[in-house]
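Rule-based calculations on the coordinates, nothing more; no lab input. Because the structure is predicted, anything quoted here is derived from the model rather than measured. Quick reminder, even Gly has a Cβ in these numbers, built from the backbone with ideal geometry, and neighbours come from all protein chains shown.
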Amino acid sequence: MKKWKCTVCGYIHEGDEPPDKCPVCGADKSKFEEYVPEDKPENGDTEPEPKAETEKDAEKSAGLAWKNTGRQNVSHIYTVATDLMVKNHLHPISVHIPNGVLPVAVIFTVLAMVFHSVYLDKAAFYNLIFVLLSMPVVIYAGILEWKKKFGGNMTPLFFTKMICGAAVFFLTLVLVLWRVIDPDVAVSDSSARIPFLFFHALLLAAAAIAGHLGGKLVFDRE
Ligand code: FE
């Protein structure tokens with residue numbers, strides 16, 4: 001049976017035809033190409049030569065880059081640095097930090113509402129500030145990974161993931177500002193508590209969907 005590889009996310013499909021849509025990232029049929037697993041060279045004669053040439057070329061171009069103007073040097077350093085960030089999984093590392101704190105902030109808010117506790121409310125507020133501050137790093141690392149690992153292809157999965165990431169950022173921003181403007185919103189009996197709680201539910205849902213899609217991308221490709 002033939003094998004087809006999604007050129008966006010790397011998912012391998014087995015069948016006579018590629019699927020209409022990638023079940024992982026949602027890319028359409030045109031993004032699939034026939035996948036032929038690489039055979040290990042049997043006589044070993046043909047492989048090393050082109051590899052040596054490629055390395056030489058890479059060295060030459062790297063050398064040339066450093067000899068060029070200061071501006072080119074900066075862009076070279078940026079490329080090397082961002083390559084390292086993607087290679088060492090900055091996005092999953094950075095995303096797990098606010099994702100661990102976010103549900104705690106939501107639970108503290110709910111408990112603060114139930115028990116009218118200013119202490120739990122303060123804890124929730126500080127946790128949300130932490131989430132807010134970490135989100136720019138998460139979003140930046142995510143965009144880098146999408147561009148470098150997935151060729152910047154906009155499929156339904158990446159689109160949804162980006163909307164959810166942006167939603168987490170803006171909902172957190174709104175909730176932090178809300179507490180600044182109305183510090184007693186969670187602990188008072190005002191009717192604003194309902195939309196305030198609803199925004200927390202949306203925040204949790206957006207983070208969960210983004211996390212679910214990230215997991216799909218990492219674990220469901222084969
Ligand atoms: Fe795919």
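Once the convex hull of all Cα atoms in the stretch 95-143 is built, its volume per residue stands at 50 Å³.
Subtract the Cα-Cα distance of residue 75 and residue 1 from 0.36 nm times their separation in residues, and report this length gain in nm to one decimal.
22.1 nm
Kindly provide the helix-only [θ] at 222 nm of the chain, computed as the sum of -39,500 (n - 2.57) over DSSP H runs of four or more divided by all residues, to the nearest 500 deg cm²/dmol? The per-residue figure over the chain is -24000 deg cm²/dmol. Normalised by the number of residues in the chain, the average gap of Cα pairs under 8 Å and 6 or more apart makes the relative contact order 22 percent. P(r) for the chain: what percent of alpha-carbon pairs falls in each 5 Å bin, starting at zero? The calculated distribution, bin by bin, is 1, 6, 11, 12, 11, 11, 11, 10, 8, 6, 4, 3, 2, 1, 0, 0. Taking a point 7 Å from the Cα of residue 118 along the Cα-to-Cβ direction, the residues of the stretch 168-201 with backbone N closer than 19 Å to it are 178-190, 193.
Within the listed set 37, 92, 195, the residue fluctuating most in the Gaussian network model of the chain (springs between alpha-carbon atoms under 10 angstrom) is 37. Projected onto their three principal axes, the Cα atoms of the stretch 147-201 cover extents of 50, 17, 10 Å, largest first. Working note: Cα gyration tensor of the stretch 63-133, eigenvalues times five, square-rooted, sorted largest first, giving semi-axes of 45, 12, 5 Å.
Does anything in the stretch 114-131 have its amide N under 20 Å from the 7 Å Cα→Cβ label point of residue 189, and if so which residues? Counting only backbone N, you get 114-119, 121.
Potential lengthening of the chain between residue 148 and residue 16 amounts to 44.5 nm, from the contour at 0.36 nm per residue minus the alpha-carbon distance.
Given the stretch 110-182, what whole percent of its Cα pairs are spread farther than 20 Å?
Values: 1165 of 2628 pairs.
Taking all Cα-Cα pairs of the stretch 110-182, the fraction more than 20 Å apart is 44 percent.
Over every pair of different alpha-carbon atoms in the stretch 125-222, take the mean of 1/r and invert it; report that Kirkwood radius in Å. The partial results should precede the final answer.
Values: mean 1/r = 0.0676 Å⁻¹.
For the stretch 125-222, inverting the mean 1/r across all distinct Cα pairs yields 14.8 Å.
With each label modelled as a point 7 angstrom along the Cα→C-beta vector, the residue 174-residue 140 pair spans 2.6 nm.
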